[in-house]
Amino acid sequence: MDSQFGTRRASMFCKQNNLSALASRPLVYAASVTREDASRNIAFEELASDFQDAEGTERFKLLIQYAKNLEPMSDSERAMENRIMGCTSQVWITAELGADGSIIYRGDSDSDISKGLCAVLIKCLSGLTPLEVLEVPTEKLSLFGFSEDAATASRTNGFYNMLEAMKKSARLLTPGAGAASVFPSLTISADAVTAQGDFALSQAKFLEPDAAAVDRLVEALSAKKIGVVAHFYMDPEVQGVLSAAAKRWPHIHISDSLVMADRAVGMAEAGYVTLRVFHRLFCLPSLHWHPVRLRARALVREAASRRLAAKALAT
Amino acid sequence: MNTHISQPRLRSYHFRTSPESGTTFASRVPLLTPQTKHVSHGSPFVVEWPRHASRNSHVLSVCATNDVSIETDLASEVRADFPLLDQEVYGKPLVYLDNAATSQKPKQVLDVLAAYYTGYNSNVHRGVHNLSAKSTTAYEQAREQVARFVNADSWKEIVYTRNASEAINLVANTWGAENIGEGDEIVLSVMEHHSNIVPWQLLAKRTGAVLRFVGLTEDERLDMEELRGLVNSRTKLISIAHVSNTLGCVNPVEEIVSLAKEVDAKVLLDACQSVPHMPVDVQALGCDWLVASGHKMCAPTGIGFLWGKYELLDSMPPWMGGGEMIADVFLEESTYAEPPSRFEAGTPAIGEAIGLGAACEYLSAIGMDRVYQYETEIGEYLHQKLSEVEGIRIYGPAPDSSSGIERAALCSFTAEGVHATDLATILDQSGIAIRSGHHCTQPLHRHLGINATARASLYVYNTRAEVDAFVEGLRETISFFKDI
């Protein structure tokens, strides 16, 4: 799953979608780090109480002490893809998933105060699971009392931007967000169809739909003499069932809208009184489908009236 | 070209003399004209003569030196005019040293702005009713005040814009679009503000023009020798700052203009940091366009201007289209107004423009020579005091009157071992407001090999005592970081 191809694609995905953090770093499973090893996360309130007790510049002194205790990053880690934009100083943050599923954050800055803010956030967020990080409200930032607008989303609010960046990393590290790490694909061979990547996996399961649902559909269609035309862009769940049913009831057609129209007219001419049309609203072909649908409806009515007439004649 | 000028003609003059500075200038009072039948004399919109606080009305703490000259009193004189300065930040008196970013506004300008909105707010050029005529007259009167402030030939040469950035974009998208082609060269410098780089980058991308950048000398001034080498027959434009907002150096405009004339190139002058602080005379400077922002010169935000030689403005096609800038509008096409209306689409920032005029009058009443003299002195004082702090590195040339090296009253600097932003954050705790970052001159910082600088920038209301407070605070801040 962590193939090099997948990682490169993932970084393109991240870059295209403006996910600057981790854009070119593979997701690392640091097997040696346990939840106990990583510094236990400290609640915001607990850490903030130290700052609230301090006055004026003492608050910043405390912050800088936190900064001094933060392990500096290597030059390679202080790279563009780890940089947090929106700070007047340079700030870098990385995130890794520990073996126990909690995040380990690291950070650095060329400004002592920014480094201190980084350290505070790392103390409060490292050791939480990705989902727990995502639930942290930005209002927590105001607890420290650094500025009146600490919780304001602003281009230049470094503290806020650091928290946002850490949340973005958490999003990428959320289990199931593995779609970012592997490009979804279906491999079709003579013997089997193999899917990889979450999206492909979820689509592939519709190739074998629920047999009971297919039985019910075939029964209903044949009993009521209903023909079905459906578009390629329908939900895969619907297509899966229809494709399976089509092996037993021949009047099911899945195609593009032009062919759908032709098949519908054919079915109407063959006497099918009810037509069910499964179509996607966004498909422009509805422009040329409409007159065809009208014609099909007209043919169905015509066929119905011919049958009635024949019945009348017979009696 | 069809013309359409709807501004009323102003005819009569009152000459007034400033009791403080002795400067005499003309202030116009509107007369009745066919277009302005409804204007009455003595209307509240006529700008009242700015009154300065008396010399003794507001005395700050004692100056650190005994070197008190007449000019040193200027800040004490005008300070009471600026109500915002009288406040505390975290329990300490505010020391505002971020004037290169924006200036504070005197009561005189604030009153004019309030008078507009409470008394005669009305759309300009469009109505014949009383209020509309009043606002039109005040708006156009302000244009004349701005024209006088820079010694333009006529009010027609002043185009109101939102700010200097918009003014530069205006030139790039009109004259630039028509006259700059593939392979043509635009000469800029590494010290330019982003607003005097990015519009030309956008133009170059569209037209295939080439941008050339003049570097710095060893003492961090504009390298005139390099400029001489860069200018050639393909040069169409030199766009340059008059005064650098980071280095504080004053560039030799007349010399640059004569270089440009040799190759028939035009010169655009970014005067954002000069117009507020020294007398600026477009006739003497000889540039083709000049841009400035109102908010850096005691005027409200949202207003600035482009000055251009009339014939040049007249040759420029419109940029923003809409109401006001037209003569006649048909369904398929329109004809356009003469400058400056041609470049002023839509409803302008009327009150703010009137405020800009009032700011020009306020500064003229002090006398720009006097402003310049004061700033030279206090700028030198700042530079000297800052140089005495250990571990501080100031960027830009040291002022040296003997060799004619001028320097604006601002200093960008770094401190050894302390990030500029950290300095500014701790200084803020003492009520001292300076700026940190790249000051919209990222290329300059890269050229100097630094990430960020801190900058203290002064204006007419900053006193020596404030400079002392800043330097003292800076020393304390540096110790703060050393002691942790």
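Coordinate-derived values only; no laboratory data. Remember, predicted model here, so these are calculated numbers, not experimental data. Because the Cβ atoms are built from the backbone with ideal geometry, glycine has one as well, and the counts that use them run over all protein chains shown.
At an R0 of 51 angstrom, the distance between the Cβ atoms of A:Arg171 and B:Lys205 translates into a FRET efficiency of 0.90. If you take all other residues with their beta carbon under 12 Å from the beta carbon of B:Ile180, and give Lys and Arg +1 and Asp and Glu -1, the sum is +1. Remark: mean inter-chain Cβ contacts per residue of A:63-73 equal 1, using a 10 Å Cβ-Cβ cutoff to other protein chain atoms.
Among residues other than B:Ala100 with Cβ under 10 Å from its Cβ, the summed charge is +2 (Lys and Arg +1, Asp and Glu -1). B:Lys309 sits among other residues whose Cβ lies under 15 Å from its own Cβ, and their net charge, with Lys and Arg +1 and Asp and Glu -1, is -4.
Between B:Asn130 and B:Phe213, what is the label-point separation in nm under the 7 Å Cα-to-beta-carbon projection? Distance between the two pseudo-spin positions: 5.9 nm. Counting only Cβ charges, +1 for Lys and Arg and -1 for Asp and Glu, the dipole size of segment B:294-446 around its Cα centre is about 480 debye.
Our note on the geometry: Cα centres of segment B:181-254 and segment A:88-117, 40 Å apart. Label-to-label distance, B:Glu390 versus B:Ile484, with points set 7 angstrom from Cα along the beta-carbon direction: 2.0 nm. Helical content of chain B, expressed as a calculated mean residue ellipticity at 222 nm, amounts to -9500 deg cm²/dmol (DSSP H runs of 4 or more residues, -39,500 (n - 2.57) each, divided by residue number, nearest 500). Oblate is the label for chain B. Its Cα gyration tensor axes, ordered a ≥ b ≥ c, give a/c of at least 1.5 and b/c at or above a/b.
Where a ≥ b ≥ c are the square roots of the eigenvalues of the C-alpha gyration tensor, would you call segment B:102-245 rounded, which needs a/c under 1.5, or, failing that, prolate if a/b is larger than b/c, or oblate? Here segment B:102-245 falls in the prolate category. Take each residue in B:476-484, count the other chain C-beta atoms within 10 Å of its C-beta, and the mean is 2.
Put a plus charge on the Cβ of each Lys and Arg, a minus charge on the Cβ of each Asp and Glu, and nothing anywhere else: the dipole of chain B about its Cα centre is then about 1280 debye. Between A:Ala303 and A:Phe199, the simple spin-label model (points 7 angstrom out along Cα→Cβ) gives 3.9 nm. Available extension along the chain between A:Val259 and A:Leu134 is 40.2 nm, counting 0.36 nm per residue and deducting the alpha carbon span.
Pull out a ≥ b ≥ c, the square roots of the eigenvalues of the alpha-carbon gyration tensor of segment B:161-305, then state rounded if a/c is under 1.5, prolate if not and a/b is larger than b/c, and oblate in the remaining case. Judged from the Cα gyration tensor, segment B:161-305 comes out oblate (a/c at least 1.5, b/c at or above a/b). Shielding value for A:52-59 is 2, the average number of Cβ atoms from other chains within 10 Å of each residue's Cβ. Calculated FRET efficiency, A:Met85 to A:Ala223, Cβ-Cβ distance, R0 = 51 Å: about 0.20 to the nearest 0.05.
Once you reduce segment B:262-329 and segment B:110-179 to the center of their Cα atoms, the two points are 12 Å from each other.
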